[in-house]
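Inspection log for the structure reproduced underneath, given as structure tokens.
Nothing in this text is a laboratory measurement; each read-out follows from the coordinates by a stated rule. Fair warning: this is a prediction, and the values are worked out from it, not measured in the lab. When we count neighbours, we look across all protein chains shown, and the Cβ atoms used for this are built from the backbone with ideal geometry, even at glycine.
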Amino acid sequence: MNGRILVDTNILIELLSGNERIAAFIDGYEIGISFITEIELMSNPQLSKSELNTLKKLLNNFTKYDILTEEIKMLASMYRRNKIIRKTPDAIILATAGFYNLPLLTMDADFQHIKEVDIIFIK
């Protein structure tokens, strides 16, 4: 086991698309997701019922950080106010990683400059 890691939505999209590089990278980690990631994935209007069921089964394998604590709210608000991150959903995901002291795995270039949280950026 490599430890715990929080994954951004784009990582799971790549994983679901069959990206073997992502699958190999996360192998051995205890994967965590924010409730934001779960909402973003499940709200895709293109998903068939079968795909939605497959997605739900996949998501059940991950640790879900689905409580929006006061601390996470404060961190996310600070990240947005201080222009550390532009989008509120990204700020919540970042704050979740920070609050739980988890590295954040992402392919989103908006996170490359972040110093407040340990970011693992994959191109």
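Among THR88, THR96, THR69, determine the one that fluctuates most according to a GNM of the chain built with springs between C-alpha atoms less than 10 Å apart.
Sorting by GNM fluctuation, first place goes to THR69.
Given 4 °C and 1.567 mPa s, compute D for the range 3-121 with the Stokes-Einstein relation, Rh being the Kirkwood radius over Cα pairs; round to the nearest whole µm²/s.
89
Counting each DSSP H run of 4 or more residues in the chain as -39500 (n - 2.57), what helix-only mean residue ellipticity at 222 nm follows after dividing by all residues, to the nearest 500 deg cm²/dmol?
-13500 deg cm²/dmol
Read phi for every residue in the range 103-110 and hand back ³J(HN,Hα) as whole Hz from Karplus 6.51 cos²θ - 1.76 cosθ + 1.60, θ = phi - 60°, with x for Gly and Pro.
x, 10, 9, 8, 10, 7, 4, 4
Compute the separation of the alpha-carbon centres of the range 46-123 and the range 1-42 and state it in Å as a whole number.
11
Between LEU47 and ARG21, what's the calculated FRET efficiency when r is the beta-carbon distance and R0 is 25 Å? Round to 0.05.
Plugging the Cβ-Cβ distance into 1/(1 + (r/R0)^6) gives 0.60.
HN-Hα J couplings of the range 48-55 from phi, Karplus 6.51/-1.76/1.60, θ = phi - 60°, integer Hz, Gly and Pro as x?
Coupling constants for the range 48-55: 7, 4, 5, 5, 5, 5, 4, 4 Hz.
If the limit is 21 Å between Cα atoms, which of LYS73/LYS115; LYS83/LYS115; LYS87/LYS115 go over it?
none
Could you list which residues have their amide H under 5 Å from that of TYR29, counting only those 5 or more apart in sequence or on another chain, with H placed in the peptide plane?
ASN2
Which lysines, if any, have their Cα less than 24 Å from the Cα of LYS56, not counting same-chain residues under 8 positions apart?
List returned: LYS64.
What is the helix-to-structure angle for 88-99, meaning the angle in degrees between its Cα long axis and the longest Cα principal axis of the chain, kept from 0 to 90 and rounded to the nearest 10?
The angle comes out near 80 degrees.
Can you bin the range 15-69 into rounded, prolate or oblate? Criterion: square roots of the alpha carbon gyration tensor eigenvalues sorted a ≥ b ≥ c, rounded for a/c under 1.5, prolate for a/b above b/c, oblate for the rest.
On the way: a/c = 1.99, a/b = 1.05, b/c = 1.89.
Cα axes put the range 15-69 in the oblate bin.
Could you tell me the calculated FRET efficiency between PHE35 and ARG81, based on Cβ-Cβ distance and R0 = 22 angstrom, to the nearest 0.05?
Here the calculated transfer efficiency is 0.50.
Subtract the Cα-Cα distance of ASP66 and THR88 from 0.36 nm times their separation in residues, and report this length gain in nm to one decimal.
6.4 nm
Once phi is turned into ³J(HN,Hα) by the Karplus curve 6.51 cos²θ - 1.76 cosθ + 1.60 with θ = phi - 60°, what whole-Hz value does each residue of the range 23-38 show in order, with x for glycine and proline?
4, 5, 5, 7, 4, x, 8, 7, 8, x, 9, 7, 4, 4, 4, 4
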